[in-house]
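The values are calculated or read from the model by the stated rules, or taken from the named source; none is laboratory data. Just so it is clear, the model here is predicted, and its values are computed rather than measured. Neighbour counts are summed over all protein chains in view; Cβ atoms, including those assigned to glycine, are modelled from backbone coordinates with ideal geometry. Heavy atoms of the whole protein, side chains included, go into the accessibility calculation; ligands, DNA and RNA do not. Shrake-Rupley method; radii C 1.70, N 1.55, O 1.52, S 1.80 Å.
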Amino acid sequence: MNAVKDVKVKNKSKSPGGSKNPIVRSFDKWKAWIYLLPAIILLLIFTVWPIINTLRMSMLVNYNPMKAVGGATFKFGFENFTKVVSYPKFKQVLGTTMLLCVTTVPISTMLALIISVCLNAIKPFKRFLQTIFFLPYVTNSIAIGMVFAAMFNIVGSFLGSSNEAIQSAGIINNMLGFFTGNKDFYINWINAGSSYTSNIIVMIIYIVWNALPFKILILLGGLQSVNKQYYEAAKVDGTSRVRTFWRITVPMLSPMIAYVVITGFIGGFKEYSSIVGIFGDSMGPAGDAGRLNTMVGFIYDAIDSNAGRASAAALILFGIILIVTLINLWVSKKRVHY
Amino acid sequence: MKVVLQNLTKIFPSRNKKSKEEVVAVNDFDFEIPDGKLVGLLGPSGCGKSTTLYMISGLQKPTSGRIFFGEDDVTDLPPEKRGIGLVFQNYALYPHMTVKQNILFPLQNLKGADKMTKEDMIKQAYEAAKLVQIDNLMDRKPNELSGGQQQRVAIARALVKMPRVLLLDEPLSNLDARLRLQTREEIRRIQRETKITTVFVTHDQEEAMSISDVIVVMKLGVVQQIGAPQDVYDSPENLFVAKFLGTPPINVFTGRVEAEKLYIGDAAVLDVPGVKDSEKVFVGVRPEGFIINENGPLECRIFGVDVMGRDVSVVSTHEASLNPTVRSIIDADNRPAPGAETVRFLLKPHKVFLFDGETEKRIYF
């Protein structure tokens with residue numbers, strides 16, 4: 001505050017008469033810009049230029065930076081976009097990405113809502129439990145992925161053959177076996193020969209688990225800022241718990257829920273490292289590499305061979321995220337009570 | 001519906017685990033609120049008045065004692081089963097609902113045999129809204145209303161279920177001075193029209209005096225005095241009550257009683273028949289209890305004269321006064337001569353209260 005005041009006072013004292021020194025006078029004029037300059041330069045180099053360059057590359061057919069350095073020129077046009085869209089692989093990665101988005105965002109939001117309401121309701125060990133629920137957020141997602149992979153991984157040959165020798169079926173399968181008492185219920189989650197569905201289930205569990213802490217943090221913060229008198233008023237009026245949740249808690253939290261859903265979708269469309277965490281760079285179980293590839297993975301794959309198409313794919317992803325976010329905002333305008 | 005509070009006590013356990021210091025918020029409150037009356041719980045902050053209200057509402061459980069609504073023991077009933085309407089200090093209107101939805105909300109919660117049809121609900125909501133004169137604002141959101149209008153919505157929401165008891169927690173504290181006057185008349189009118197037994201909490205003695213049928217003065221969890229506002233004002237039972245009621249506040253002097261005469265300083269100001277000799281008593285004199293008289297026994301140094309139109313307020317000082325100044329209200333015709341440095345007062349006996357120097361209890365004479 002004081003600093004702001006000082007600057008204002010100084011400006012006032014100098015501007016009417018003007019400083020006698022022209023250098024000081026022009027410095028005053030450009031002061032704000034000079035202060036902003038370091039940040040502006042960095043943003044221009046590392047954010048603005050790459051965006052412009054992506055746009056440029058996407059318009060240059062089959063652009064390849066190596067060839068460009070070698071002096072090659074590229075035709076201008078929209079061919080990169082049409083090529084990318086017509087790839088069967090593109091449709092596949094778009095499908096996987098969308099599938100992960102539309103499943104994990106609602107599931108994780110609902111779970112986070114329930115957990116944060118519960119966390120807010122209990123008194124003993126509140127801090128301790130909050131810390132525990134927040135732990136995944138500060139843990140490296142690749143490390144979590146490796147632990148998850150170990151939980152679902154089967155070491156040794158899996159069923160099917162007569163001389164099967166499972167050394168470890170992973171915690172999840174062991175639990176399934178424990179509750180069903182039958183090893184036939186073991187599921188091939190992520191190993192060679194596993195089905196797409198089981199792969200996706202593993203990914204959903206992992207992504208939801210990974211997404212929970214941030215959402216819980218936001219929603220819990222929102223819950224704690226809701227005036228308790230609303231609940232007392234509801235109690236006096238004889239409102240049931242379920243009705244209190246839907247008619248009071250959810251509307252009161254709606255700004256936070258909207259925020260969590262919008263950022264969830266944006267993050268969901270950029271899903272990549274979670275899949276690397278479980279399946280590695282191959283983006284799929286052994287023998288079926290690339291099966292779980294996502295939009296971001298697709299872009300990364302394309303960069304080396306054809307930067308033009310990678311740029312086009314990146315812009316398409318940008319467009320999709322933009323549209324989804326606009327839809328989200330449009331819906332929240334009707335449903336969110338600020 | 002009369003409300004009976006029987007030995008009501010609320011003890012909050014100490015927050016700090018090391019010191020076992022408990023907070024006795026309400027101590028042995030015994031009181032019967034007559035049917036259809038407006039009762040004001042009055043006291044400074046922390047006196048337990050809100051806790052009492054919340055115990056009547058059921059939001060807080062008493063540590064001991066019972067609460068009856070009529071003949072029903074409601075002590076162990078949850079708030080929703082008691083049939084109360086509660087208006088919160090900050091109204092607690094649901095911000096995402098319109099006025100109409102807010103008022104309908106309690107009705108929509110009704111279950112089983114009490115369940116109402118949509119038409120009945122809307123009809124009843126409009127009736128409640130008409131009672132508080134907000135039926136033209138039904139489609140607004142709370143944040144589009146003024147403070148006074150929000151207050152009315154809160155009252156309508158509390159009334160819509162036809163509660164047996166209406167409870168108001170500091171209903172006027174969030175309103176500006178003018179609206180406060182208007183709203184307290186409104187509350188009085190609504191209470192008279194509905195005849196619902198109403199309890200309200202306030203720290204503003206003027207507010208409590210002006211609209212209550214009965215006021216309950218509390219201090220540190222202990223009831224000090226219960227009675228009709230005028231009675232409590234005219235005959236306070238102890239120094240605290242005397243000091244708490246009245247604007248301008250009562251003037252308190254230290255004095256002594258000798259041979260049935262009351263002395264303030266060296267002057268014998270009043271005959272107090274039947275009062276035992278005492279080295280130290282507190283003397284409370286209401287501002288309207290002074291008469292200017294050149295032979296009056298109590299001499300004060302004039303500090304200033306505030307003109308208020310019909311009356312003047314003579315601000316003076318006296319060394320035995322516990323207040324920084326002695327404030328007396330005098331008919332404008334009898335005001336002290338301009339430039340006078342001292343003024344002499346006679347005291348009206350029925351405006352003078354004696355209190356024991358130790359216990360601060362009233363000494364009657």
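Please name all residue pairs, on different chains or six or more residues apart, with Cβ atoms under 7 Å, provided the first residue is in segment B:44-61 and is within 13 Å of another protein chain (Cβ to nearest Cβ) and in contact (Cβ under 8 Å) with a residue 12 or more places away in the chain and the second residue is open to solvent by 10 Å² or more (accessible area, probe 1.4 Å) and in a helix (DSSP H, G or I).
Note: pairs meeting the criteria are B:59/A:232; B:59/A:235; B:60/B:51; B:60/B:54.
Under 8 Å between Cβ atoms, which residue pairs at least 6 apart in sequence (or on different chains) link something in segment B:153-164 that is over 12 Å from residue B:92 (Cβ atoms) with a partner that is open to solvent by 10 Å² or more (accessible area, probe 1.4 Å) and among the polar types (S, T, N, Q)?
As it stands, the answer is B:159/B:194; B:160/B:124, since those pairs meet every condition given.
Can you go through B:22, B:80 and tell me which one is open to solvent by 10 Å² or more (accessible area, probe 1.4 Å), farther than 16 Å from residue A:232 by Cβ and assigned by TED's automatic domain parsing to the domain that holds residue B:194?
B:22
Given the criteria over 30 Å from residue A:211 (Cβ atoms), touching a residue at least 40 places away in the same chain (Cβ under 8 Å) and open to solvent by 70 Å² or more (accessible area, probe 1.4 Å), does residue A:83 qualify?
So residue A:83 passes the test.
List the number of the failed condition for residue A:225; all other conditions in (1) open to solvent by 40 Å² or more (accessible area, probe 1.4 Å); (2) of a type in the set (Gly, Ala, Ser); (3) more than 14 Å from chain B (Cβ to nearest Cβ) hold.
Of everything listed in (1) open to solvent by 40 Å² or more (accessible area, probe 1.4 Å); (2) of a type in the set (Gly, Ala, Ser); (3) more than 14 Å from chain B (Cβ to nearest Cβ), residue A:225 misses just condition (3).
Here is a list: B:179, B:168, B:172. Which entry is assigned to a helix (DSSP H, G or I) and within 22 Å of the chain's Cα centre (by Cα)?
None of the other options fit; the residue is B:179.
Could you grab me the full set of residues in segment B:91-123 that are touching an Asp or Glu at 6+ places or on another chain (Cβ under 8 Å) and within 8 Å of chain A (Cβ to nearest Cβ)?
B:92, B:105, B:106, B:109
Would you please list the contacts, defined by Cβ atoms under 6 Å and residues six or more apart or on different chains, that run from a residue in segment B:344-362 that is charged (D, E, K, R) to a residue that is crowded, with 22+ Cβ neighbours inside 10 Å?
B:351/B:286; B:360/B:239; B:362/B:355
Which condition number does residue A:74 fail, the rest of (1) open to solvent by 90 Å² or more (accessible area, probe 1.4 Å); (2) part of a loop (DSSP other than H, G, I, E, B) being met?
(1)
Would you pick out the residues in segment A:237-248 that are within 11 Å of another protein chain (Cβ to nearest Cβ) and either in contact with a helix residue (DSSP H, G or I) (Cβ under 7 Å, 6 or more places away or on another chain) or modelled with pLDDT under 90 (or both)?
Residues satisfying the conditions are A:237, A:238, A:239, A:240, A:244, A:248.
Consider segment B:63-75. How many of its residues are open to solvent by 60 Å² or more (accessible area, probe 1.4 Å) and touching a residue at least 12 places away in the same chain (Cβ under 8 Å)?
Within segment B:63-75, residues that are open to solvent by 60 Å² or more (accessible area, probe 1.4 Å) and touching a residue at least 12 places away in the same chain (Cβ under 8 Å) number 2.
Among the residues of segment A:249-263, which ones are open to solvent by 20 Å² or more (accessible area, probe 1.4 Å) and more than 14 Å from every other protein chain (Cβ to nearest Cβ)?
A:259, A:261, A:262, A:263
When you look at residue B:356, is it of a type in the set (D, E, K, R), over 24 Å from residue B:241 (Cα atoms), open to solvent by less than 70 Å² (accessible area, probe 1.4 Å) and not assigned by TED's automatic domain parsing to the domain that holds residue B:231, yes or no?
no
Yes or no, residue by residue, for (1) at pLDDT 80 or above; (2) over 33 Å from the mean Cα position of the chain (by Cα); (3) open to solvent by less than 90 Å² (accessible area, probe 1.4 Å); (4) basic (Lys, Arg):
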position: A:26; (1), (2), (3), (4): no, yes, yes, no
position: A:48; (1), (2), (3), (4): yes, no, yes, no
position: A:51; (1), (2), (3), (4): yes, no, no, no
position: A:56; (1), (2), (3), (4): yes, no, no, yes
position: A:61; (1), (2), (3), (4): yes, no, yes, no
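Considering only residues of segment A:264-292 that are in contact with a Ser or Thr (Cβ under 8 Å, 6 or more places away or on another chain) and of a type in the set (Ser, Thr, Tyr), which is surrounded by the fewest Cβ atoms within 10 Å (Cβ to Cβ)?
Among those residues, the one meeting the criterion is A:273.
When residues of segment A:170-200 are filtered for being open to solvent by 70 Å² or more (accessible area, probe 1.4 Å) and within 16 Å of residue A:292 (Cα to Cα), how many remain?
Residues in segment A:170-200 being open to solvent by 70 Å² or more (accessible area, probe 1.4 Å) and within 16 Å of residue A:292 (Cα to Cα): 3 in total.
Based on what the data block shows, is residue B:258 assigned by TED's automatic domain parsing to the domain that holds residue B:351, modelled with pLDDT of 85 or more and touching a His at 6+ places or on another chain (Cβ under 9 Å)?
Answer is no for this residue.
Here are B:188, B:192: which of them is in contact with a helix residue (DSSP H, G or I) (Cβ under 7 Å, 6 or more places away or on another chain), farther than 30 Å from residue B:24 by Cα and open to solvent by 20 Å² or more (accessible area, probe 1.4 Å)?
B:188
If you go through segment B:124-131 one residue at a time, do you hit one that is away from every other protein chain (no Cβ under 14 Å), surrounded by 15 or more Cβ atoms within 10 Å (Cβ to Cβ), of a type in the set (A, V, I, L, M) and assigned to a helix (DSSP H, G or I)?
Checked against the condition, which is being away from every other protein chain (no Cβ under 14 Å), surrounded by 15 or more Cβ atoms within 10 Å (Cβ to Cβ), of a type in the set (A, V, I, L, M) and assigned to a helix (DSSP H, G or I), segment B:124-131 yields at least one hit.
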